[in-house]
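Notes follow the structure.
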Amino acid sequence: MSRLTAPILFIALLLAVWQITVKALHVPAYLLPAPSDIVLALSQNLGVLTASALTTLQMALWALIAASLTACAIAVLLALSPLAECSVRPVAVALQVTPIVAIAPLVNIWAGLDHPHRAVVGLAAVVAFFPIFSGALTGLKAADPDLERLFDLYGASRLQRLARLRLPSAVPYLLEGHKVAAGLAVIGAVVAEFVSGSGGSQGLAWRLLEAANRLQTAKMFAALLILGLIGVAAHAVFQAIEGLVLKRWRGR
Amino acid sequence: MTAAAPLAVLRDVEVDYGGRFGLGPFSLDIASGEIVALIGPSGCGKSTALRLLAGLEAPTRGAVTRAAGRGETSVVFQAPTLMPWAEAVDNVALPLELTGVPRGMARERAAAALAWVKLKGADQAKPAQLSGGMAMRVSLARALVTDPKLLLLDEPFAALDEITRRALADDIHRLWTATKPAVVFVTHNVEEAVFMASRVLVMTPGPGRLASEMAVDAPLPRPAGFRTSALFRETVEHVSAALAQAMAA
């Protein structure tokens, strides 16, 4: 059995057990719908679920871009000055360990109740910020110490050192950081939408809340399925980008 | 004719790392064009001495005088220490570009330096595509591209096999003949030290001091079959004995 067919067969087995058990025991659909009910709900709500998924994806993407730009910019500035780094690090850690759920109401107020999607993007960006930031900080210091000595020897300026040694050395760390951040941005967008508690952003989280309130459990599962697919796709896309860039970076 | 001023001088230098790996007090004069080997056990501070000569580190006590200016000192490390993301030619061009040579000219001179080390045609290769010996040659080309007055080699052959080692030793002599830089060569291999250098300095275990000094009275580059000559065998015996004595003391 190949590496591909084994998990597919396993999933098929799980679904079959699920379907048969639910039907045989007459489990109410609002408690646990059978896989067939979920597929039905998915096909019936495909339009609205796809639209919501795209909204969530879009918010996550904006969040990722915002997080990437700010994290890289701050990391580069800190790399130029060790003093700045030890000043900023505690603040960054404090922000990182604060649960996103706890700061969500605050961000809601700042974004304005009329712009819930801004709050969602902002919160998701906070979540996606840290893997990129810490990856960049680590990467900017990960250059071979003997290469650093070589730059000392030829009297390289700070900018030369940054552009020609530290930034290229950071590439693998940046790629890894962005890969992790891409997954977190999707999670962050969903959590933020839950917390902002408004239908204004119309993402997948809102569809989940809406379906839960109406006890449309099959539709909830359908939304969850799409959410899972988005997560897997985001990871796969960034894995592929990482592979391609690393191959070019080290030449094989 | 008076003797030229030495190119680099360590005068009673001591480096204290707060542990057993220190150096000194240690003194060393490097005249232009000579090849000196520093030999001693691991942790005797020979790499530290090299970093002092390169100006990469300051001594805790004592004085370092360096006549070579910026870009006139080159270091080859134990590992090739190449930038993995850059092609061989860009790795070699780096010292020139850091000292302000325009990119086009730097790459031209880098390509020429790669040809000296017999790596013509490997310009576009990334370090991961090179063998250990080839990567070390790129590293050597990078050290030579600035036409240094002082070439510092920190156990450059430690990670290579015997055949590659010998080929590189001959190459270093051949390249030395062309521009006659002063070479300081750190090693813990007695035969290598005697083969490479006209002067072999034996160091004591850390903190390293000078245990003894021996001249190798044979022409450079070495004549064919030098490794089997009586002079070579005798000098190797002398250095080995001095090293054993230094270790025991």
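All of the numbers you see were taken from the coordinates with simple rules; none came from a lab. Worth saying up front: this structure is predicted, and the values here are computed from it rather than measured. Please note: Cβ atoms are built from the backbone with ideal geometry, for glycine as well, and neighbour counts cover all protein chains shown.
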What is the order of A:Ile187, B:Ile172, A:Ile109, fewest Cβ neighbours within 10 Å to most? A:Ile109, A:Ile187, B:Ile172
For B:Arg209, other-chain or 5+-apart residues with amide H closer than 5 Å (H placed, Pro excluded) are B:Gly24, B:Thr204
Give me the percent of DSSP beta bridges within the protein assembly as shown that run antiparallel, rounded to the nearest 5. 45
Ranked from fewest to most other Cβ atoms within 10 Å of their own Cβ, A:Glu193, B:Glu87, B:Glu213 fall in the order B:Glu213, B:Glu87, A:Glu193
Find how much the distance from A:Leu246 to A:Leu229 grows on full extension, using 0.36 nm per residue of separation minus their present alpha carbon separation; answer in nm with one decimal. 3.6 nm
Using only C-alpha positions, report the orientation-averaged shadow area of the convex hull of the protein assembly as shown, nm², one decimal. 33.9
Please list, in order along the stretch B:143-150, the HN-Hα scalar couplings obtained from phi with the Karplus expression 6.51 cos²θ - 1.76 cosθ + 1.60 (θ = phi - 60°), rounded to whole Hz, x for Gly and Pro. 6, 8, 5, 8, 6, x, 8, 10
What is the local net charge at A:Leu246, summed over the other residues whose Cβ is closer than 14 Å to its Cβ (Lys, Arg +1; Asp, Glu -1)? +4
For the stretch B:88-99, what does the Karplus curve 6.51 cos²θ - 1.76 cosθ + 1.60, with θ = phi - 60°, yield as ³J(HN,Hα) per residue in whole Hz, taken in order and with x for Gly and Pro? 3, 5, 6, 4, 6, 6, 3, x, 5, 5, 5, 9
Per the helix-only calculation at 222 nm, which mean residue ellipticity applies to the protein assembly as shown, given -39500 (n - 2.57) for every DSSP H run of n ≥ 4 and division by its residues, nearest 500 deg cm²/dmol? -20000 deg cm²/dmol
Sorted by Cβ neighbour density within 10 Å, fewest at the top, the residues B:Met136, B:Met83: B:Met83, B:Met136
Counting as exposed only trypsin sites (Lys or Arg not before Pro) in DSSP loop states with no more than 16 other Cβ atoms inside 10 Å, the longest exposed-site-free span of chain B is B:121-249
Given +1 on the Cβ of Lys and Arg, -1 on the Cβ of Asp and Glu, and no further charges, what dipole in debye does the stretch B:59-192 carry about its Cα centre, rounded to the nearest 20? 380
At a Förster distance of 45 Å, what's the computed FRET efficiency of A:Thr21 paired with A:Leu69, Cβ-Cβ distance as r, to 0.05? 0.35
Point-charge dipole on Cβ atoms (K/R +1, D/E -1) for the protein assembly as shown, about Cα centre, debye to 20: 820
Can you return the lysines within cross-link range of A:Lys179? Criterion is Cα-Cα under 27 Å, with same-chain partners fewer than 8 residues away left out. A:Lys141, A:Lys247, B:Lys126
The answer for B:Leu153, listing residues at least 5 apart or on another chain whose modeled amide H is closer than 5 Å to its amide H, is B:Val76, B:Val184, B:Phe185, B:Val186
Helix by helix through chain A, keep the DSSP H runs that span 20 Å or more along the axis on Cα and average at least 0.0 on Kyte-Doolittle, and give those back in order. A:5-25, A:46-80, A:82-97, A:116-140, A:167-196, A:217-250
Setting aside same-chain residues fewer than 8 positions from A:Lys23, which aspartates and glutamates have a Cα under 19 Å from its Cα? A:Asp37
Could you give me the ³J(HN,Hα) list for the stretch B:34-41, computed from phi with Karplus coefficients 6.51, -1.76, 1.60 and θ = phi - 60°, whole Hz, x at Gly and Pro? 8, 10, 10, 10, 9, 10, x, x
In whole angstrom, note down how far apart the Cα centers of the stretch B:6-74 and the stretch A:135-210 are. 41
Amide proton proximity set for B:Arg199, modelled H, under 5 Å, gap of 5+: B:Ile35, B:Ala37, B:Val216
Mind checking which of B:Gly55, B:Gly225, B:Gly133 has the largest fluctuation in a GNM of chain B, springs on alpha carbons under 10 Å? B:Gly225
